[in-house]
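Structure record follows, encoded as structure tokens.
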Amino acid sequence: MKRQILFITVGLLLAAALCWGSPNGEESALQEVDPTGVEITYWHQFTRFQQETLEALVEEFNNTNQWNIKVTPEFGGRYDDLYNKMVTAIAAGRVPDLVAAYQNEAAAYQASGALADINDYIDDPQWGLGDERSDYFEGFLQQDVNAQFGGARLGFPPNRSLELLFYNLDWLEQMGFSGPPKNWDEFYQMCRKATNPAENQYGYAINTGASNVFAQVISRGGEVAKADGSGYTYNTRQMRDSMAFMKRLYGEKFSRKIAEPYGEQNDFANWKVLFTMSSTAGLPYYDGSVAKGEQGPFDWSVAAVPHTTARPALDIYGASVSIPKSTPQRQLAAWLLVKYLTQPGPQAKWVEATNYFPVRKSTAAQLGDYLSKNPNYKIAYDLLLNSDAKAEPPFAGYSEVRDAVEAAFNKILDGADIDATLRDLDAEANKIHREAAP
Amino acid sequence: MVKERSPWLQAVLLLLLILGAFVSIIPFLFMVSHSLKTIAETITRSSAIPFDPKFWPRVPQWSNYRVAWQEARFGLYFRNSVIITAITVGGIVFTSSLSAYAFAKLRFVGRDLIFTILLSTLMIPQTVLLIPNFIIVAKLGWIDRLPALTVPFLASAFHIFLLRQFFSQIPNELIEVAKIDGATHLRSLISIVLPLSKAPIFTVVFLSFIYTWNLLQWPLVVTQTPRWRPITVGLSMFITEAGPETHLRMAGAVIAVLPVITVYFIAQRQFTEAITRSGLKE
């Protein structure tokens, strides 16, 4: 609701903002743009060691780029805070030159025409990706192409994560299973066998977030949005199957909801839960928790979310960086930083500090022994190479839709009728979509 | 004549109050106990009941506070918060007492209408004010400067209302007598009204202190560097994307909340008295 109010306010104040506004109109041809000596700012969401690594990379860029571009990285708050800061900045015409944004947030910014189309830079013969483009994971690049805005590219990925199944291998083997479940039936059987109320053990810690719902739906070959950007499809067979499965698992007490943020990691480390589904960004935290768990370290790993599709279909996510409209020189300088940060060398440093996936295939060769030292990361990375990576809807208003999806999932688990709830969810999501549409 | 409650009823009420107080204090104790645990203990020794030994650390890890202090640059942020809060609270007390006196003791055309308009501003959600306030601050060139964090909060309709209610209860005769003796309105405010209003003034101090101390969104919007960022920004550094560092987050929370608790203990008696006398309910 807060976001909606803010969004409406932006619309009302947009005209006023243009008075001071960011320069707009037609940009000169990129070939004639000279970014030499430009100073730009980059609003990011990273804290502590991630912030330190990013600042080191930016410093490296500042010291080595041939145009003498100077970038000042600024922590703008966590995602929601950064979004509010950016919306306010757009209204006041004081945008940064580069900003971290999820795809749906970028779409919200673009509803005010605030962002540059990065296609102009990617494809440019002088400044673009050129032959290097094929080195980027195409699925990652496609995430930022937004059908709501005629295929404009509103962001560029600096890194990505996957939603995967985390499993306790020792526990599975004790129960007579040789590995993780490949499909939902196997998953159900394993959860049932693992559940032991006397020991407070259960099969799966239910994550009711929208990303997890998306992961379940695509694992059954479904989608939650129309490819042309015209709306959501939450009342599908795959969605109903997903909800029915989870409702059954929850009703039979083979699973529990996650009670506190990251509480499932502790339960996993203490052999209280056999499976969790989480982001690969959590791998080091799982590592740390398992090493310190009640029963000591054990064998655990990650696998594709159980699926009925031929190849695993995995939810791939992560914030991109968007280039707000400013001057051609500043925009080009911002693009050159983005390009630098996605070179294999900086990418390798970024991976080692954050455990995110690189966006370029050739980064793997630069990772040295990182992959062998982090076997679960390697498994996840191999899954990335051998799966159909799918992204959540990049539409304006998706943040509100995510809240609605989570609420609907919880209602269903608590006993609400699946058909009626999904019908309502579909209607609500599409209403939000219409209201937030550019 | 007040009818006395039966001892049994009193005992039950007392028991309920004790239970309520106990439940209320659990989150605070949880914060303190987890701030003193190792990261391993936050994983393996966790309980929601203070009587359970698992609720408490085996050996208190005081070093968590040092680590939290250093990793989140709490030194700088703490200093900033103290300065921002001191200026803001002082400003609020100053502007609110002057305004409240005017609304309570002076007669002028449109007084009630202006007061009603002032009260109606309380109904505007803060989110809506974010952008206009930011535009004003940006136009004044205050981005990333101390005035951006203090000036917009120096006047508060709520606190004017609160003080006005108290000032209205002070007999006008006292002001009239002072006036006969040659006192100006400012002298009456300083020498008569304010000394009689310690409780509400403490309440204003306490409430505005908490509000200012806990601000996060506005400081993030109007600052670009750590130079004037408050302690809440430091605390947000411990919100990680994919995993918990509960011990450090809780240590940071204890550090951030200590001044609020200190101020509360100082102002507790006056605060309670003011709430009782005003009929306000939390």
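The values are calculated or read from the model by the stated rules, or taken from the named source; none is laboratory data. In this text the structure is predicted, and so the values were computed from the model without any measurement. When we count neighbours, we look across all protein chains shown, and the Cβ atoms used for this are built from the backbone with ideal geometry, even at glycine. Just the protein is used for accessible areas: all its heavy atoms, side chains included, with ligands, DNA and RNA removed. Shrake-Rupley method; radii C 1.70, N 1.55, O 1.52, S 1.80 Å.
Across the stretch A:61-72, coupling constants 3J(HN,Hα) worked out from phi with the 6.51/-1.76/1.60 Karplus curve, θ = phi - 60°, read 4, 4, 7, 10, 6, 6, 9, 6, 6, 10, 10, 10 Hz, and Gly and Pro carry x. A straight Cα-to-Cα reach below 21 Å connects B:Lys54 with the lysines A:Lys272, A:Lys292, B:Lys37, residues fewer than 8 places away in its own chain not being considered. Interface of A with B. Using a 1.4 Å probe and counting protein heavy atoms only, the two chains hide about 3500 Å² of accessible surface, both sides summed. Loop-located GluC sites (Glu not before Pro) in the stretch B:1-98 (DSSP state other than H, G, I, E, B) with a sparse environment of at most 15 neighbouring Cβ atoms within 10 Å: B:Glu4. The share of alpha-carbon pairs in the stretch A:326-385 lying farther apart than 14 Å comes to 58%.
Taking amide H atoms as placed 1.01 Å from N in the peptide plane, the amide H of A:Lys70 lies under 5 Å from those of A:Val38, A:Glu39, A:Ile40, each 5 or more residues away in sequence or on another chain. Along the axis of the charge dipole computed for the protein assembly as shown (Cβ charges of +1 for Lys and Arg, -1 for Asp and Glu, origin at the Cα centre), the listed residues B:Thr95, A:Thr233, A:Ile316 are led at the positive end by B:Thr95. Residues in the stretch A:300-314 carry Karplus couplings, in order, of 9, 6, 10, 8, 5, 4, x, 8, 10, 6, 5, 9, x, 10, 10 Hz; the curve used is 6.51 cos²θ - 1.76 cosθ + 1.60 with θ = phi - 60°, and Gly or Pro positions show x.
Placing unit charges on the Cβ atoms only, positive for Lys and Arg and negative for Asp and Glu, gives the stretch A:76-152 a dipole magnitude near 480 debye about its Cα centre. A viscosity of 1.002 mPa s and a temperature of 20 °C, combined with the Kirkwood radius over Cα pairs in Stokes-Einstein, give a translational diffusion coefficient for chain B of 97 µm²/s.
In this structure, the residue pairs whose Cα-Cα separation is over 18 Å, taken from A:Lys70/A:Lys339; A:Lys253/A:Lys411; A:Lys182/A:Lys247, are A:Lys182/A:Lys247. Charge dipole (Cα centre; +1 on Lys/Arg Cβ, -1 on Asp/Glu Cβ; no other charges) of chain B amounts to roughly 220 debye. For chain A, the fraction of 1.4 Å probe accessible surface lying on carbon and sulfur atoms is 49 percent.
Note down the net charge around A:Glu52, summing +1 for each Lys or Arg and -1 for each Asp or Glu among other residues with Cβ under 15 Å from its Cβ.
Values: positive: A:Arg48, A:Lys349, B:Arg73; negative: A:Glu55, A:Glu59, A:Glu60, A:Glu74, A:Glu352, B:Glu71.
So the environment of A:Glu52 carries a net charge of -3.
What shape does the protein assembly as shown take by its C-alpha gyration tensor, where a ≥ b ≥ c are the square roots of the eigenvalues and a/c under 1.5 counts as rounded, a/b above b/c as prolate, and the rest as oblate? It is oblate, given that a/c is not under 1.5 and a/b is not larger than b/c. Starting from the Cα gyration tensor of the stretch A:135-237, take the square roots of the eigenvalues, sort them a ≥ b ≥ c, and report rounded, prolate or oblate (rounded when a/c is under 1.5, otherwise prolate if a/b is larger than b/c, else oblate). Here the stretch A:135-237 falls in the prolate category. Result for chain A in a Gaussian network model with C-alpha springs under 10 Å: among A:Pro181, A:Pro312, A:Pro125, the largest mean-square fluctuation is at A:Pro125.
Highest GNM mean-square fluctuation among B:Leu215, B:Leu29, B:Leu17, for chain B modelled with Cα contacts below 10 Å: B:Leu17. Given R0 = 41 Å, the distance between the Cβ atoms of B:Arg107 and B:Ile83 translates into a calculated FRET efficiency of 0.55.
Only Cα pairs within less than 10 Å get springs; with that Gaussian network setup on chain B, which residue of B:Thr240, B:Thr95, B:Thr232 has the largest fluctuation? Result: B:Thr240 has the largest fluctuation of those listed. Residues of the stretch B:63-92 that bury at least 20 Å² of accessible area once all protein chains are present, compared with their chain alone (1.4 Å probe, heavy atoms only, ligands and nucleic acids left out), are B:Glu71.
About the Cα centre of the stretch B:14-129, how large is the charge dipole given +1 on each Lys and Arg Cβ and -1 on each Asp and Glu Cβ? Please answer in debye to the nearest 20.
The calculation lands at about 200 debye.
Computed as a quarter of the hull surface, the mean projected area of the alpha carbon convex hull for the stretch B:151-282 stands at 10.9 nm².
Between the C-alpha center of the stretch B:57-83 and that of the stretch A:68-101 there is a gap of 27 Å.
What the phi angles of the stretch A:134-140 give under the Karplus curve with 6.51, -1.76 and 1.60, with θ = phi - 60°, is a coupling list of 5, 7, 7, 5, 4, x, 5 Hz, glycine and proline written as x. Other residues whose C-beta falls under 14 angstrom from the C-beta of A:Met190 contribute a net charge of -2, scoring Lys and Arg +1 and Asp and Glu -1.
Please state the shape class of the stretch A:236-332: rounded when a/c is under 1.5, otherwise prolate if a/b exceeds b/c and oblate if not, all from the C-alpha gyration tensor.
Because a/c hits 1.5 or more and a/b fails to exceed b/c, the stretch A:236-332 counts as oblate.
Database remark: amide H of A:Val321 closer than 5 angstrom to the amide H of A:Ala101, A:Phe156 (H placed geometrically; neighbours at sequence offset of 5 or more, or on other chains; Pro and chain starts carry no H).
For A:Asp388, the residues 5 or more places off, or on other chains, whose built amide H falls under 5 Å of its own are A:Ala313, A:Leu314. Summed over the residues of the protein assembly as shown and divided among them, the accessible surface reaches 44 Å² per residue at a probe radius of 1.4 Å. Give the distance, in whole Å, between the Cα centre of the stretch A:382-438 and the Cα centre of the stretch A:206-274. What the calculation gives is 11 Å, centre to centre. Each peptide in B:110-123, B:133-146, A:55-68 was scored by the mean count of other Cβ atoms within 10 Å over its residues; highest first, the order is B:133-146, A:55-68, B:110-123. Loop-located chymotrypsin sites (Phe, Trp or Tyr not before Pro) across the stretch B:28-79 with a Cβ neighbour count of 10 or fewer within 10 Å are B:Phe51, B:Trp62, with loop assigned by DSSP. Calculated on the alpha-carbon coordinates, the convex hull of the stretch B:1-79 measures out at 136 cubic angstrom per residue. For every helix of n ≥ 4 consecutive DSSP H residues, a contribution of -39,500 (n - 2.57) applies; sum these over the protein assembly as shown, divide by its total residues, and give [θ] at 222 nm rounded to the nearest 500 deg cm²/dmol. One gets -17000 deg cm²/dmol as the mean residue ellipticity at 222 nm.
Which parts of the stretch A:63-100, residue by residue, lose 30 Å² or more of accessible area when the rest of the protein chains are there, as against the chain isolated (1.4 Å probe)? By number: A:Glu74, A:Phe75, A:Arg78, A:Asp81, A:Asn84, A:Lys85, A:Thr88, A:Ala92, A:Arg94.
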